Amino acid sequence: MLNAMVFRTMRGCPICGGGFNIRRVREYSYETCADCHGVWMSRGTLAGMGKEIAPEAQLSMRAEQINETTRACPDCQRAMKKAWMFRVPLDFCSAEQHGIWFDGGELRQVLERIGQEDPPPAEIPTSFRSLLADFFNQS
Ligand SMILES: [Zn+2]
Ligand SMILES: [Zn+2]
């Protein structure tokens with residue numbers, strides 16, 4: 001039957017299989033799942049966004065071995081690895097560094113915590129709130 005022969009030729013959400021929408025905010029672009037609101041973005045994009053919020057922040061990821069269903073990288077379909085960033089669990093493509101996956105709401109948590117790390121940046125840029133508003137103006 002046709003249904004059994006559907007190829008995954010389109011990149012899509014590793015959680016629900018939904019299609020991606022491209023979002024552009026200022027000079028950044030990333031992809032979001034229209035159905036579950038997950039976010040797929042490159043590490044470089046995340047680093048750029050983080051620097052706008054807190055120039056001194058270190059966006060380190062701690063990889064973890066978590067026995068949990070692995071999710072496939074939308075770009076290469078290989079199993080992604082789990083990691084923690086600012087106490088938020090996320091998935092990333094470790095094979096080819098294609099990007100980082102955030103479940104719905106997790107990107108916002110990370111961005112908010114970048115600006116509130118201990119020790120906090122000397123001063124949180126006044127653009128912090130407006131940047132968050134730009135990123136999440138759909139809510
Ligand atoms: Zn989805
Ligand atoms: Zn990949």
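Tabulated values for the structure
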| quantity | calculated |
| --- | --- |
| Scan of segment 41-69 for residues that are within 16 Å of ligand 1 (Cβ to nearest atom) and either in contact with a strand residue (DSSP E or B) (Cβ under 8 Å, 6 or more places away or on another chain) or modelled with pLDDT of 85 or more (or both), ordered by number | 41 |
| Subset of segment 11-28 (residues that are more than 18 Å from residue 93 (Cα to Cα) and more than 8 Å from ligand 1 (Cβ to nearest atom)) | 19, 21, 22, 23, 24, 25, 26, 27, 28 |
| Segment 33-48 residues that are free of Cβ contacts under 8 Å to residues at least 40 places away in the same chain and under 18 Å from residue 97 (Cα atoms), paired with ones that are surrounded by fewer than 23 Cβ atoms within 10 Å (Cβ to Cβ) and aliphatic (A, V, I, L, M) (beta carbon under 7 Å, 6 or more apart) | 47/59 |
| Yes/no for residue 91 being in a loop (DSSP other than H, G, I, E, B) and at pLDDT 90 or above | no |
| Matching residues in segment 18-32 - criterion: being touching a residue at least 60 places away in the same chain (Cβ under 8 Å) and either surrounded by fewer than 14 Cβ atoms within 10 Å (Cβ to Cβ) or under 13 Å from the mean Cα position of the chain (by Cα) (or both) | 26 |
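The values are calculated or read from the model by the stated rules, or taken from the named source; none is laboratory data. Just so it is clear, the structure is predicted and the values come from calculations on it, not from any experiment. Don't worry about glycine lacking a Cβ; one is built from the backbone with ideal geometry, like all the others, and counts go over all protein chains shown.
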